[in-house]
Amino acid sequence: MRVFVILYIAIVTNTISSQEFPKTDIEILYTKGKRVCDRSKANSFCKAFLFYKTKVYDSCYIYSSKAFLKTSSQEEKDILNYIQGVSAIEKKLFKKALQNITALSGHNDFMSLKNLKLAEINLLLKNYDKAILYYTAWENNSATTPKKLKKDAYHNLGLSYLHKKEYTNAHNYFSKELKLINSKDTIELITTKMDLANVYYNQYKDDEAIPLFTEAYQLAQTFSDIDLKLLTTKNMAVVEKNRKKYKESVDYYIEYGKWKDSLWNRDKIWELTERDKQFAIAQKEQKIALQDERLKRQQLQKNGLLIGGLFLILFTLLLGYLYRQKATKNKLITQQKEELNTVNATKDYLFSVVSHDLRSPIHTLRKQHQKLMTQIAQKDLLAIEKTTNTAITVTENTYNLVNNILHWSLEQSDQLFFKKEAYPLQSLIAQTVNDFKGLAVAKQITLLTSIDTPILVETDKESLKIVLRNIIDNAIKYTPERGTIHITSGVHNTSQCVIAIVDTGVGISAEILSKIKTLGSITKDRVDRSAGIGLGLILCHTLIKKNNGILEMNSELGLGTTTKILLPIANT
Amino acid sequence: MNILKLLLLEDQPEEASEITAFLSTNGYSVTPVKNIQEAEKEIKNHLFDIIILDIMINGKPDGIRLAQNMAKQDITIPFLFLTSMQSKYIFEEAKLTHPSTYLLKPYNELELLFSLELAIEAHYKQSNTISFDSDSAVLGPTYIFIKKSKSVMKVVVDSINYIEVKEKYCNLICTEGNFLIKLSLIKVKELLSNPIFIQVHRNFLVNVQKVKEIYFKDNLIILDSKDKIPFSERYKASFMKMNNILG
């Protein structure tokens, strides 16, 4: 039964421990590196060196390769070879490491480091003879090697001898290492003691080996490292078994088992922790997913709200539009209502005219006809003629009234055909006067027409005739027998012509005249019969206004009335 | 000088005879018809100078229909509507047939005569001429319409001696007298489009049938009526070419 041997190979790292010597190899290396970097400012070199110092070996390896391409100086190459070699060892690229370290120049500064590294690589490659060779070479020139490296080198050398089964040498070097180890560094102490014990044990020097094993075991007991406890306990168990102390061996095995369990527990706990961690991560991820989901939902909600808001705005706009539409409609309805009221007022007015003003003349006519019947029976021809004349006059007046009603209603309902054109004024006057000739003769009234110059008037001829007819009719009506009615026409100013109807009638009282004067501002919705003004005058005012003209009336009670109509002259 | 031939479409016999009597005494030759068929037959067989259409014939707006038919057949005779309806709607309907004017019932005699004048004026687009003053006339492609006391008479364009520019318009000199035509000389030439009228001067149009003598050297034309018309160089060449006169 062989004792388990710890193949602990100390790999030299760039740990600085520079208490003994002001300039160790590593310090020299650092100084050189810094200098090169300061001097050349070569980016790749500086980076590689920086990564080396901070133990980022991957990047160091890559940047040193780049730096090789740019450099030619031996010193820089040496530094790069060294740091790349160390990086290669760390990355277990031993062949590459061997190349790098071998390529180092034989310069003094690098001699011991070169030997050390070569020995280390050979040990790692299990070339123990070569390792021993290089280590021996190093030992002869190890003054500048830092203490830690030295200690690791002794350990490795001892290990090499152990492999070569040269126990004396192994013992020597392990002892040397033991001397260098700080008594507080328990791990190293235990390891080295075990190594030493192994050396003794392999030489069957049980008396020297067993105390060392025991010592290592006891030291490990005080120390927290379970791996060491496990190892020392197992070694003890094997040792006790080999010297047939089975009871103790079993005890150690039991203890070994206990440590193994605890190690397993530790691993398990670690695993559990790992699992916990994973679980926690999973939980976190779930939470994140949940959060994401929530965010998504919020986004969705936000979008929903936005769309909702938009719809609301649109809806409001629609409502507003509808409201406006309705308002417009309402306005239209109000307007139409007003119009309706006006039309209704007109209608009422016309009804009242029809019922009052038509009733009495027709009643008169009826009486005249009854009178005629008796007069015909009496064969009183003179009386018949007189009655008939009265009847004709009444009929004539009624006819005019009916005409006015018709025109008024047509005008009010905007149905009157109305077209302004240029017409010869005297012809229109003559045509109108023509109708009254008979009446004037019957009443022995002189009807004079004097036309100044031929004038073209801008008017709707039918409406002007209606006006003239009304005015001349009134004049005849209110002028006593043997009176005179003088109709003249002429130019008023550059844009207007005038028609004047002058009678020698009874005239109009100032009161009524003032009322007539306000007719100019009378609108169709202000028809008021109580004003005592007949439909004819209202119609005249309305139509003259429509023809862009002016109707004026002047009167003196008992002397007569003058009516003037101003109308625009047509442009030719 | 001839009286105008007038077609009257009127279904009321009383009114028809009244109008016929009145217009006959005022220098119109009236042909009264009672319905649209008769009217169309008359229009086909005779040349009328003017037509009076009552809109409502036997309760139907046949007056408007006749006007529409005439328009379809490209019969361009001045016509006027006679109606008692003053409603805007029937007017709108009637307006589409482009009547020369309207005459509203009841009307007096002066209004009837005035409307006939208006119709002729409107038809030849020479408004405010014969209805405005007795010195004016309406010029048509074959007749001149002139006012003779209360009525309108027509004179064949052949009787025109010459036409002279007077300010914006033209003076027409014929055997019957001088009349103002409210048209420019260019428009007059266009309207007449008659080879007997030839421009001899910027301001003169002469009826070649009335020319008595021409003095080329003196740039003078003497008419049968002894009127002297200036003959401008500008128009000589074309004048001689057209009349085969050798200079």
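Nothing in this text is a laboratory measurement; each read-out follows from the coordinates by a stated rule. Small disclaimer: the values here were computed from a predicted structure and weren't measured. Cβ placement follows ideal geometry from the backbone for every residue including glycine, while neighbour counts extend to all protein chains displayed.
When the P(r) is computed for chain B, the part past 29 Å accounts for 38% of the Cα-Cα pairs. Across the cross-link table entries B:LYS105/B:LYS147; A:LYS205/A:LYS244; A:LYS347/A:LYS420; A:LYS55/A:LYS176; A:LYS331/A:LYS515; A:LYS130/A:LYS151, which are compared at the Cα atoms, the separations over 22 Å belong to B:LYS105/B:LYS147; A:LYS347/A:LYS420; A:LYS55/A:LYS176; A:LYS331/A:LYS515.
For segment A:419-568, a simple Cβ point-charge model (Lys and Arg +1, Asp and Glu -1, everything else neutral) yields a dipole of about 280 debye relative to the Cα centre.
Pairwise Cα distances in segment B:136-243 exceed 15 Å in 61 percent of cases. Karplus-derived 3J(HN,Hα) values for segment A:249-266, using 6.51 cos²θ - 1.76 cosθ + 1.60 with θ = phi - 60°, are 4, 4, 4, 4, 4, 4, 4, 4, x, 4, 5, 4, 4, 4, 5, 4, 4, 4 Hz; glycine and proline are entered as x.
From the square roots a ≥ b ≥ c of the eigenvalues of the alpha-carbon gyration tensor of segment B:160-204, which class results: rounded (a/c under 1.5), prolate (a/b over b/c), or oblate? Because its axes are fairly even, with a/c under 1.5, segment B:160-204 counts as rounded. Computed over segment A:419-568, the convex hull of the alpha-carbon atoms projects to a mean area of 8.6 nm².
Taking the DSSP beta bridges with both ends in the protein assembly as shown, the antiparallel portion is around 70 percent. The simple Förster model, with R0 at 51 Å and r as the Cβ-Cβ distance, assigns B:LYS168 and A:LEU332 a FRET efficiency of 0.50. Among A:HIS407, B:HIS46, a tally of other beta-carbon atoms within 10 Å of each Cβ gives an order, fewest to most, of B:HIS46, A:HIS407. For B:GLN199, the residues whose modelled amide H falls within less than 5 Å of its own, excluding neighbours fewer than 5 places apart on the same chain, are B:VAL206. Classification of the protein assembly as shown by its C-alpha gyration tensor yields a prolate form. The axis ratio a/c (a ≥ b ≥ c) is 1.5 or more, and a/b outweighs b/c.
Modelled label positions at B:LYS72 and A:SER73, each set 7 Å beyond Cα in the direction of Cβ, lie 11.9 nm from each other. Once a ≥ b ≥ c are taken as the square roots of the eigenvalues of the Cα gyration tensor of segment B:2-123, is the result rounded (a/c under 1.5), prolate (a/b larger than b/c) or oblate (a/b not larger than b/c)? Since a/c stays below 1.5, the shape of segment B:2-123 is classed as rounded. Between segment A:348-406 and segment A:425-481, the C-alpha centres lie 24 angstrom from each other.
Under the combined filter of DSSP loop state and at most 15 neighbouring Cβ atoms within 10 Å, segment A:353-447 retains these trypsin sites (Lys or Arg not before Pro): A:LYS379, A:LYS419. For the residue pairs A:LYS517/A:LYS564; A:LYS465/B:LYS125; B:LYS34/B:LYS154; A:LYS437/B:LYS148; B:LYS5/B:LYS60, the alpha carbons lie more than 20 Å apart in A:LYS465/B:LYS125; B:LYS34/B:LYS154; A:LYS437/B:LYS148; B:LYS5/B:LYS60.
For segment B:33-67 versus segment A:76-139, the spacing of their alpha-carbon centroids is 137 Å.
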